[in-house]
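Trainee: One structure, as structure tokens, below. Some questions next.
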Amino acid sequence: MNINQDLPAIDSHRALQIWITENLKMLPLPERAHGNFFEECCYVVLHVPQSPKDTQGGSSDLHYWIGKDASAEAREAAVSFVQRLQEDLGDQTVLHRESQGHESDCFHSYFHSGVIYRKGGRDSALKLAETNMYNVQRLLHIRGRKHVSATEVALSWNSFNKGDIFLLDLGKVMIQWNGPKASISEKARALTLTCSLRDRERGGRAQIAVVDSENEATNLLRIMEAVLGCRSGSLYPSVPSNSVSQLQKANVRLYHVCEKGTDLVVQELATHPLTQDLLQEDGCYLLDQGGFKIYMWQGRKSSPQEKKAALSRAVGFIQAKGYPNYTNVEVVNDGAESTAFQQLFWSWSKELDRKKHPEKSKLVQVNLEVGKLHTQPELAAQLRMVDDGSGKVEVWYIQDLQRQPVDPKHYGQLCSGNCYLVLYTYQKLGCVQYLLYLWQGHQSTVEDTKALNCSAEELGLMHQGALVQGHVTMGSEPPHFLAIFQGRLVVFQGNAGNKGERPPVSDTRLFHVQGTEIHNTRTMEVPARASSLTSSDVFFLITSHVCFLWFGKGCHGDQREMARTVVTVFPGNNKETVLEGQEPLYFWEALGGRAPYPSNKRLPEEVWSIQPRLFECSSHAGCLVLTEVLFFGQEDLDKYDIMLLDTCQEIFLWLGEAAGEWKKEAVAWGREYLRTHPAERSLATPIFVVKQGHEPATFTGWFVTWDPYKWMNSQSYEEMVGSSLGPGSAISEMTAEVHNFQLTPRLSDNKAGHPALQAFKGSQDSPENELGLDLRVDGANPSMNHTSSCSDSMVNGSLPRERLMHQALEDLPPGVDPARKEFYLSDSDFQDIFGKSKEEFYSMAKWKQQQEKKKLGFF
């Protein structure tokens with residue numbers, strides 16, 4: 001397709017820009033139309049990060065969205081536009097293909113309130129962008145947990161089911177019907193979408209009503225039946241979720257894509273775990289993530305023709321594999337990979353990335369500045385330290401399935417056959433904080449582990465839920481845990497004795513010391529043989545007569561200083577310092593003779609800026625399902641959620657205060673996440689359980705901003721419903737009309753999408769009938785059983801003023817609500833008598849309404 005139109009100007013200061021494609025043009029949409037997508041259209045969406053924490057490499061995301069009823073011409077135009085835009089934006093742009101109802105988490109993350117799928121094409125889209133409309137009559141099917149979507153469906157009870165939420169939008173009135181099987185979190189998020197619709201499209205002037213229980217909302221149900229017809233039979237059961245489990249996402253395959261002559265060759269290279277060195281800078285590669293998503297990676301030396309063909313190659317692969325047409329596609333360039341792509345590999349070396357891209361600046365090493373940890377949570381998060389470890393420490397160990405205190409003189413001396421509880425208490429800005437570590441030795445039993453978790457629950461109750469729990473595995477202790485023991489953490493083989501006493505050191509034993517500072521030093525007992533040594537570290541060799549402090553050739557001064565600190569844990573025995581290559585004969589005899597051991601020097605560790613990932617956790621058919629939230633902030637943590645924050649080095653499970661019974665599954669979900677990760681993450685990665693309102697700085701520091709008082713003002717779902725309802729005058733008017741028209745028995749609604757009876761019209765274009773009823777059955781006016789002129793007047797929407805003013809109850813026409821006599825006036829009579837419109841009158845305080853009604857003879 002030849003598109004000659006100039007590309008639109010890109011505003012780099014706007015985070016989100018959206019265009020609709022039609023007739024070979026890109027038409028920009030105003031911000032208040034964002035989130036609305038019409039099914040006959042295609043859209044181009046550009047996200048430009050505005051915050052340095054939004055994305056790791058500063059890359060932009062370019063999406064093209066395909067409506068399910070979009071024409072082939074519209075699809076072709078959208079592809080051409082995004083390819084030209086990508087060329088102009090450069091290699092730091094990630095290209096996404098999105099299909100209606102199957103968008104990526106990245107796409108959904110732009111629209112916090114939710115995405116709305118509307119029927120119609122370009123004209124409808126532009127009309128929505130131009131003006132607020134009240135002549136609306138539609139039914140929206142709302143689905144989703146963290147990422148909410150609403151789809152316009154047929155105005156029929158056949159569209160409903162028990163597990164989802166439906167919004168009947170009648171212009172001035174919006175009725176949210178909650179399925180009996182819907183969760184509170186789904187109801188709350190649907191209500192957020194409903195309120196957003198009201199505010200953006202009706203200027204906040206529509207009335208919202210919520211049906212949680214049909215038995216307690218008979219008036220609202222009357223209105224719904226007047227529009228949808230009488231409901232016959234029971235509702236359909238809940239629609240199964242099409243969520244993709246973590247187990248399916250773990251199945252990754254990497255293919256090399258190249259042309260040989262006129263043929264396109266797709267050759268499988270590897271399955272998980274994938275390594276970064278498989279990606280060569282002069283090639284193109286396709287990564288298939290379980291048929292759920294297709295990535296196309298383009299090396300920086302690949303040709304322009306190959307880059308342009310990447311998208312079509314991915315689509316061709318999807319068709320060849322028989323995958324659904326809506327399968328997500330993401331095209332990434334060498335050096336601009338998304339975090340999601342990087343984490344599909346066993347490791348992703350920033351050093352290798354910089355060798356290919358020397359223009360990238362090297363990240364600076366972060367120094368430990370304890371005084372700033374409380375005031376700079378981002379520093380605490382990077383260092384994984386809530387403070388310097390100088391707080392109060394209490395230690396217990398599990399013995400005979402019971403929690404027993406450890407003598408303080410044995411603190412820091414742990415045994416591989418036991419489980420330990422370490423309670424750390426510290427002050428943060430004048431408030432007492434608690435951090436409970438659950439340490440598990442490699443040789444501990446399943447029963448001890450269960451007793452450890454039970455004891456942790458008991459301590460949690462004693463501290464009224466204020467404990468942050470850290471699940472730690474032997475050998476993978478986080479820096480703060482090591483700092484608590486000031487670098488003197490020693491792990492012995494075997495089981496602890498009375499009061500946590502370490503096993504007696506009677507035989508020859510060898511200990512491996514690793515670390516240079518108090519927050520990175522641990523000492524582990526290893527088999528007492530020469531092959532356990534490494535030239536880059538320090539070892540203690542303890543015999544019945546002497547203790548050797550062995551320095552390998554590759555260790556440096558900081559390591560030696562820390563080793564001299566650790567040696568104080570072993571009192572008695574003569575201590576000798578031995579340098580590698582100068583060992584006495586007795587040294588080797590104690591280790592059973594000489595043997596080869598690693599001589600390579602340890603490479604210095606660098607601290608890199610890691611882009612964390614936030615997921616909402618749920619379970620489907622017993623499998624963990626994660627929904628990622630990109631560009632996240634504190635507002636994405638909802639009281640009904642369980643969220644998983646992956647910082648690469650640690651896993652945080654955040655528990656909302658109203659998360660319910662799923663809280664018990666949090667740690668198991670964290671372990672399943674590690675177990676099913678395509679990069680084969682270490683199962684020993686520390687897992688922290690954080691409760692709402694008790695977040696440590698190591699958690700909050702990963703967020704751009706954090707308000708510690710936010711939770712004090714958060715509303716429950718019930719409070720949200722109460723605050724969103726408003727005065728309800730429009731609902732009252734509709735209810736009265738339905739009641740007073742005394743509708744004839746309705747036809748049963750047997751066909752999906754076939755309205756059985758009347759439809760409301762809340763049209764601004766009809767000043768004579770602001771909230772009138774269009775009484776018709778299958779397009780014809782129904783026969784009314786009213787024969788009096790009063791009934792005829794009511795059908796026309798009004799009664800003569802003399803039939804209402806100063807009339808006693810018994811003199812009123814049949815069906816008139818005596819408490820709302822003024823409602824039955826025509827709009828012109830109402831304006832003449834009250835000096836204002838009905839809308840203005842019903843927006844007044846109730847007592848003011850009563851005063852005017854008394855004064856004018858309508859009370």
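Trainee: Compare the peptides 650-658, 394-402 by average per-residue count of other Cβ atoms within 10 angstrom and give them in order, highest first. Don't jump to the answer; show the numbers that get you there.
Mentor: Working: 650-658: 20.7, 394-402: 17.7.
In descending order of packing, they fall as 650-658, 394-402.
Trainee: Given the options 808, 833, 845, identify the residue whose Cα lies farthest towards the positive end of the charge dipole of the stretch 801-856 (+1 on Cβ of Lys, Arg; -1 on Cβ of Asp, Glu).
Mentor: Of the listed residues, the answer is 845.
Trainee: Could you compute the FRET efficiency for residue 394 and residue 271, with r as their C-beta to C-beta distance and R0 at 30 Å, rounded to 0.05?
Mentor: My answer for the efficiency is 0.05.
Trainee: Another question, if that's okay. When a/c reaches 1.5 or more, the comparison of a/b and b/c decides; with that in mind, is the stretch 160-206 rounded, prolate or oblate per its Cα gyration tensor?
Mentor: Details: a/c = 3.74, a/b = 1.84, b/c = 2.03.
Judged from the Cα gyration tensor, the stretch 160-206 comes out oblate (a/c at least 1.5, b/c at or above a/b).
Trainee: For the stretch 801-856, with only Lys/Arg (+1) and Asp/Glu (-1) charged at the beta-carbon, what is the dipole magnitude about the Cα centre, in debye rounded to 20? Present the calculation step by step, with values, prior to reporting the outcome.
Mentor: Numbers: 11 positive and 11 negative charges, 59 e Å.
Charge dipole of the stretch 801-856: 280 debye, to the nearest 20.
Trainee: Now a separate question. Roughly how much of residue 88 is accessible, in Å² to the nearest 10, using a 1.4 Å probe?
Mentor: Surface open to solvent at residue 88 totals about 110 Å².
Trainee: Just want the answer: with Cβ charges of +1 for Lys and Arg and -1 for Asp and Glu, which residue in 207, 178, 227 is farthest toward the dipole's positive end in the stretch 156-233?
Mentor: 207
Trainee: Now a separate question. Please work out the Cα center distance from the stretch 417-479 to the stretch 368-409, rounded to the nearest Å.
Mentor: The two parts, judged by their Cα centres, are 10 Å apart.
Trainee: Once the Cβ-Cβ distance between residue 585 and residue 402 is put in as r, and R0 is 56 Å, what FRET efficiency do you end up with, to the nearest 0.05?
Mentor: Numbers: r = 48 Å, r/R0 = 0.85.
Working from the Cβ atoms, E equals 0.70.
The values are calculated or read from the model by the stated rules, or taken from the named source; none is laboratory data. In this text, all values refer to a predicted model and were calculated from it rather than measured experimentally. Cβ sites come from the backbone with ideal geometry, for glycine too, and all protein chains shown count toward neighbours. Remember, those area values only see protein heavy atoms, side chains included, never the ligands or the DNA or RNA. Shrake-Rupley method; radii C 1.70, N 1.55, O 1.52, S 1.80 Å.
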